[in-house]
Amino acid sequence: MTVKLFSPYSIKGVTLKNRIVMSPMCMYSSHNEDGHVQNWHRSHYTSRAVGQVGLIIVEATAVTPQGRISPYDLGIWSDEHVKGLQELVELAKEHGAKMGIQLAHAGRKAELEGEIIAPSALAFNEKSKTPKEMTKADIEQTVEAFKNGAERAKKAGFDVIELHGAHGYLLNEFLSPLSNKRTDEYGGNAENRYRILREVIDAVKTGWDGPLFVRVSANDYHEAGLTPEDYILFAKWMKEQGVDLIDVSSGAVVPARINVYPGYQVPFSETIKHGAGIDTGAVGLITTPIQAEEILQNDRADLVFLARELLRDPYWPRTAAKELGVEMEAPKQYQRGW
Ligand SMILES: Cc1cc2nc3c(=O)[nH]c(=O)nc-3n(C[C@H](O)[C@H](O)[C@H](O)COP(=O)(O)O)c2cc1C
């Protein structure tokens, strides 16, 4: 058997050395509340690069200050952010990892002082703030902010850009009829709810010709919400627009009870991959090498994203290689102990 987890994956001239992706994870560690990279980020991401992760996707990085989840999020709303991000990219690339960044806007889930914005003036739950309904000008500025973020990501040397369209943040809020009650061309039918994402993708692509991923929440877990089947249509549109891969997560657009178990989101990846004919990433309670290999061998996804397991074991790729009987090159400094 050829082990797929350790086979390379190429898109638009970028080759990942294996199919293991570090899923974006907020570190809330920009402790000066300015969105800048700190030592924590340098250690955290570089450790996973030393651990031989193929692609590291840097946490949700805000395209505007108002689009942060917390005051401690990383940011990319200013040219001043580029230098720190560039250092981070260089550190990780020294170890052969490719570097991605997740561009994000929190929408109504921003836990910040002052005004927050969303497609409709509906709070996420009773504890959260009611956002202001976005005007056309707000939408235009947000699209522009994603475009500028992508240009800065390019300057910083990232290999991959992922747009955060999941977990009930701004772009997801537009896609779901549960959070988008607009009556203009940005609300109503699927085409209208997709419009801002369409504009963001087009805007990003004016300055970015590298691999482009979009993370989606493929299930709202609500009878009036979206299902993986609904996402086939969005994924087809994304494919037409030149998106390379859909990173398939789920939930969090409205409060819901979710039955969570190993690989619970993998079937959604499978549905979108085969329904839209686009590459996908699977994520969510994938923890063992066998499980990751099964997903790839059965063509249920093209990449496997790991989050919490990589917090527990930054050298998980090494663990997986041992278990799957694959010879993996050690960083030369570690050869005596690998
Ligand atoms: C500490 C932490 C921070 C996270 N931050 C983000 C984020 O910035 N963007 C995102 O799309 N998902 C985020 N997630 C979700 C993960 O990327 C992943 O989808 C989720 O944890 C399920 O994968 P797992 O079971 O391997 O942990 C975060 C998860 C954790 C545990």
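A compact table of results
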quantity: J(HN,Hα) series, segment 157-171, from Karplus relation 6.51 cos²θ - 1.76 cosθ + 1.60, nearest Hz, glycine and proline x; calculated: x, 5, 8, 9, 10, 10, 8, 8, x, 10, 6, x, 8, 3, 5
quantity: Heavy-atom surface of the chain, accessible at 1.4 Å and reported per residue (Å²); calculated: 41 Å²
quantity: Built amide H within the under 5 Å cut-off of Ile11, gap 5+; calculated: Leu16
quantity: Degrees separating the helix 82-93 axis from the principal Cα axis of the chain, which is the longest one; calculated: 30 degrees
quantity: Between segment 274-299 and segment 86-127, the alpha-carbon center distance in angstrom; calculated: 25 Å
quantity: 0 to 90° range, to nearest 10: angle between helix 190-207 axis and the chain longest Cα axis; calculated: 60 degrees
quantity: Where the Cα pairs of the chain fall when distances are cut into 20 Å bins, in %; calculated: 33, 60, 7, 0
quantity: Reachable lysines from Lys205, criterion Cα separation under 23 angstrom, eight or more residues apart if same chain; calculated: Lys12, Lys83, Lys98, Lys136, Lys147, Lys154, Lys155, Lys236, Lys239, Lys273
quantity: 3J(HN,Hα) from dihedral phi, segment 330-336, Karplus parametrisation 6.51/-1.76/1.60, rounded to Hz, x for glycine, proline; calculated: 8, x, 4, 5, 9, 4, 6
quantity: Whole-Hz ³J(HN,Hα) from phi, Karplus 6.51 cos²θ - 1.76 cosθ + 1.60, for segment 225-231, glycine and proline x; calculated: x, 8, 10, x, 5, 4, 6
quantity: Contact order normalised by residue count of segment 238-338, Cα under 8 Å, 6+ apart, percent; calculated: 22 percent
quantity: Sequence-distant residues sharing a close amide H with Glu162 (under 5 Å, placed H); calculated: Ile101, Gln102, Leu103, Phe213
quantity: Amide H contacts of Ala60 (H built 1.01 Å from N, under 5 Å, at least 5 apart or other chain); calculated: Met25, Cys26
quantity: Cα gyration tensor, segment 1-95 - rounded (a/c under 1.5), prolate or oblate; calculated: prolate
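The values are calculated or read from the model by the stated rules, or taken from the named source; none is laboratory data. Given the structure is predicted, the values throughout are model-derived calculations rather than measurements. Remember, those area values only see protein heavy atoms, side chains included, never the ligands or the DNA or RNA. Shrake-Rupley method; radii C 1.70, N 1.55, O 1.52, S 1.80 Å.
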